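**Q** Let me begin by handing over the structure; questions about it come next.
The values are calculated or read from the model by the stated rules, or taken from the named source; none is laboratory data. In this text the structure is predicted, and so the values were computed from the model without any measurement. FYI the Cβ positions are ideal-geometry reconstructions off the backbone, even for glycines, and counts take in every protein chain you see. The area values use the complete protein model at the heavy-atom level, side chains included, leaving out ligands, DNA and RNA. Shrake-Rupley method; radii C 1.70, N 1.55, O 1.52, S 1.80 Å.
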Amino acid sequence: MAQQLLAPISQIADQRQKTEAYKGALQQILDSAQPDTCKEFVSHMLSDDVPLVISRQLLLLFAQGVARLPPATHVPVATAALEKLQPRVVSFEDSVVLLREELAAALEREEEWSKAAQVLSGIDLEGGGRAVEPGYKLRQNIKIAMLYLEDDDSVNAEMYIKKAAALISACKDEGLELQYKTCYARILDAKRRFLESALRYYELSSARPSPASSVQLDEADLATALNAAITCTILAPAGPQRSRMLAALYKDERSSRLEVFPFLQKVYLERILDRPEVEAFAKGLKAHQVATLPGGGTVLDRAVVQHNLAAASRLYSNIGTDQLGGLLGVSAEAAEAIAADMVAEGRMAGSIDQVDQLIHFGAKVEVEALLRWDESIRAACGKVGDLLDSVAALGLAGGR
């Protein structure tokens, strides 16, 4: 059908008449909604029979018209058209950009997140023959990052959000700023940098757009951000920074209206968490938040064990590694290793007596005193050793 329509038009000498004839043929082709016919039209436009000035205009109209086709036709036709146009993208940049934007939107509606992101990322935002506004670059980079996040691809999402970071300082659009902050918080969350993501989510939960802004945030959006901040804080490794964040969230009056508040309260008050309530909390977590870690166990398991260890340090002055392992639901060796890590990183005050298999919980001052005592013993032993070496060197040491 396409050749029957297009071949006679290519013989028309007058450029204006030829353009109008091609427009009429294009409309018939789009009305037919036949994929093969649409593909033949693109091939014809790229042939030597059609002057560049006409093909540019007609392919732009084609890109606009294809977007109105049913998705089952639109996606394969646009994909094929991009394959044919890509080698000559410099000549048809406007058509390629429009095809990519509309194809990405169609793929997004079908929840083909990564495919949509890949299509959008094919738009040249840095070079090309057209001037690209910074706001457009920012919008596209944020959009691509958010699409990758829908498929839990934090690696590619981070690559594009870093590109957006270089442009965000000049942004005056509050809507874009919120999208950027939301995307960045989700990336930190996906990378399990929970304390940093909690801070970002908490900031978002307190966002208040200016009256002149077109951005509308309802209470449900703010509550979602606050809930995410609470979840990430609970999952963060135990320590002073986490404790400060827990205090801020617990004292925020909005938290008491959330379903997660009883669990937050128990964590903040450093009470030992029971398995049933931990399992109930886990039901609201995302896939990456319950993923198995390289050393075994999940992120939540690690957070609960560390929290219960910190809670135990408030209840006991010392405890055997066997008893601690039973309390935490791990082996005695694992309990000792976890306690050692937390003490070494300054996230818990205490010391470990490996001879008696006891863990002593104490104030930092007491621990420092023990460390100073150990250092004094080492220094004294060193001096005795030096003295014996000197005596031996002088030949004063003798047997009995």
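**Q** Given the criterion without any contact (Cβ under 8 Å) to a residue 24 or more places away in the chain and either within 20 Å of Ala78 (Cβ to Cβ) or open to solvent by 50 Å² or more (accessible area, probe 1.4 Å) (or both), identify the matching residue among Ser114, Ser169, Ser121.
**A** Values: Ser114 fails: without any contact (Cβ under 8 Å) to a residue 24 or more places away in the chain; Ser121 fails: without any contact (Cβ under 8 Å) to a residue 24 or more places away in the chain.
Ser169 is the lone residue from the list that is without any contact (Cβ under 8 Å) to a residue 24 or more places away in the chain and either within 20 Å of Ala78 (Cβ to Cβ) or open to solvent by 50 Å² or more (accessible area, probe 1.4 Å) (or both).
**Q** Give the stretch 42-52 a look and list any residue that's hydrophobic (A, V, I, L, M, F, W, C) and at pLDDT below 90, or say none. Reasoning before the result, please.
**A** Of the stretch 42-52, the ones hydrophobic (A, V, I, L, M, F, W, C) are 42, 45-46, 50, 52.
The answer is Val50, and nothing else.
**Q** Just a yes or no: is a residue in the stretch 28-38 in contact (Cβ under 8 Å) with a residue 24 or more places away in the chain, part of a helix (DSSP H, G or I), open to solvent by 30 Å² or more (accessible area, probe 1.4 Å) and touching a Leu at 6+ places or on another chain (Cβ under 8 Å)?
**A** Within the stretch 28-38, not a single residue is in contact (Cβ under 8 Å) with a residue 24 or more places away in the chain, part of a helix (DSSP H, G or I), open to solvent by 30 Å² or more (accessible area, probe 1.4 Å) and touching a Leu at 6+ places or on another chain (Cβ under 8 Å).
**Q** Let me ask something else about it. Does Phe194 meet the test of being of a type in the set (Phe, Trp, Tyr) and in contact with a Leu (Cβ under 6 Å, 6 or more places away or on another chain)? Steps first, please.
**A** Numbers: of a type in the set (Phe, Trp, Tyr): yes; in contact with a Leu (Cβ under 6 Å, 6 or more places away or on another chain): yes.
For Phe194, the condition - of a type in the set (Phe, Trp, Tyr) and in contact with a Leu (Cβ under 6 Å, 6 or more places away or on another chain) - is met.
**Q** Can you tell me how many residues in the stretch 39-61 are farther than 19 Å from Ala80 by Cα, without any contact (Cβ under 8 Å) to a residue 40 or more places away in the chain and part of a loop (DSSP other than H, G, I, E, B)?
**A** Final tally of qualifying residues: 3.
**Q** Tally time: how many residues in the stretch 81-98 are open to solvent by less than 90 Å² (accessible area, probe 1.4 Å) and assigned to a helix (DSSP H, G or I)? Outline the logic, then answer.
**A** Taking the stretch 81-98 first, the residues open to solvent by less than 90 Å² (accessible area, probe 1.4 Å) are 81-82, 84-86, 89, 91-93, 95-98.
Checking the rest, the ones that are also assigned to a helix (DSSP H, G or I) come to 81-82, 84-86, 93, 95-98.
Of the residues in the stretch 81-98, 10 are open to solvent by less than 90 Å² (accessible area, probe 1.4 Å) and assigned to a helix (DSSP H, G or I).
**Q** Considering only the stretch 252-262, I want to know if a residue exists there that is within 23 Å of Leu327 (Cα to Cα) and surrounded by fewer than 18 Cβ atoms within 10 Å (Cβ to Cβ). Let's see the steps before the verdict.
**A** Going residue by residue through the stretch 252-262, those that are within 23 Å of Leu327 (Cα to Cα) are 262.
Imposing the further condition that a residue be surrounded by fewer than 18 Cβ atoms within 10 Å (Cβ to Cβ) reduces the set to 262.
There is at least one residue in the stretch 252-262 that is within 23 Å of Leu327 (Cα to Cα) and surrounded by fewer than 18 Cβ atoms within 10 Å (Cβ to Cβ).
**Q** Something else: Return the only residue of Ala63, Ala21 being within 28 Å of Gly122 (Cβ to Cβ), of a type outside the set (Asp, Glu) and surrounded by 15 or more Cβ atoms within 10 Å (Cβ to Cβ). Explain how you work it out, then say what you get.
**A** On the way: Ala21 fails: within 28 Å of Gly122 (Cβ to Cβ).
Answer to the selection: Ala63.
**Q** OK, next. Taking the condition surrounded by 13 or more Cβ atoms within 10 Å (Cβ to Cβ), more than 20 Å from Ala312 (Cα to Cα) and not acidic (Asp, Glu), does Ala291 pass? Spell out the reasoning first.
**A** On the way: surrounded by 13 or more Cβ atoms within 10 Å (Cβ to Cβ): yes; more than 20 Å from Ala312 (Cα to Cα): yes; not acidic (Asp, Glu): yes.
Answer is yes for this residue.
**Q** Still on this model: Of the conditions (1) among the hydrophobic types (A, V, I, L, M, F, W, C); (2) buried (at least 16 other Cβ atoms within 10 Å of the Cβ); (3) in a helix (DSSP H, G or I), Val155 satisfies every one except a single condition; which number is it?
**A** Evaluating Val155 over (1) among the hydrophobic types (A, V, I, L, M, F, W, C); (2) buried (at least 16 other Cβ atoms within 10 Å of the Cβ); (3) in a helix (DSSP H, G or I) leaves (2) as the failure.
**Q** Tell me, which helices (runs of 4 or more DSSP H) wholly within the stretch 188-305 include 1 or more residues that are more than 30 Å from Met159 (Cα to Cα) and either at pLDDT below 95 or among the hydrophobic types (A, V, I, L, M, F, W, C) (or both)? Break it down into steps so the answer makes sense when it comes.
**A** Details: elements: 194-205, 219-235, 240-251, 261-268, 275-282.
The helices (runs of 4 or more DSSP H) meeting that bar are 219-235, 240-251, 261-268, 275-282.
**Q** Does Ala72 qualify as being outside any loop (DSSP other than H, G, I, E, B), in the same structural domain as Leu6 (by the TED database) and touching a helix residue (DSSP H, G or I) at 6+ places or on another chain (Cβ under 8 Å)?
**A** Working: outside any loop (DSSP other than H, G, I, E, B): yes; in the same structural domain as Leu6 (by the TED database): yes; touching a helix residue (DSSP H, G or I) at 6+ places or on another chain (Cβ under 8 Å): no.
No, not satisfied.
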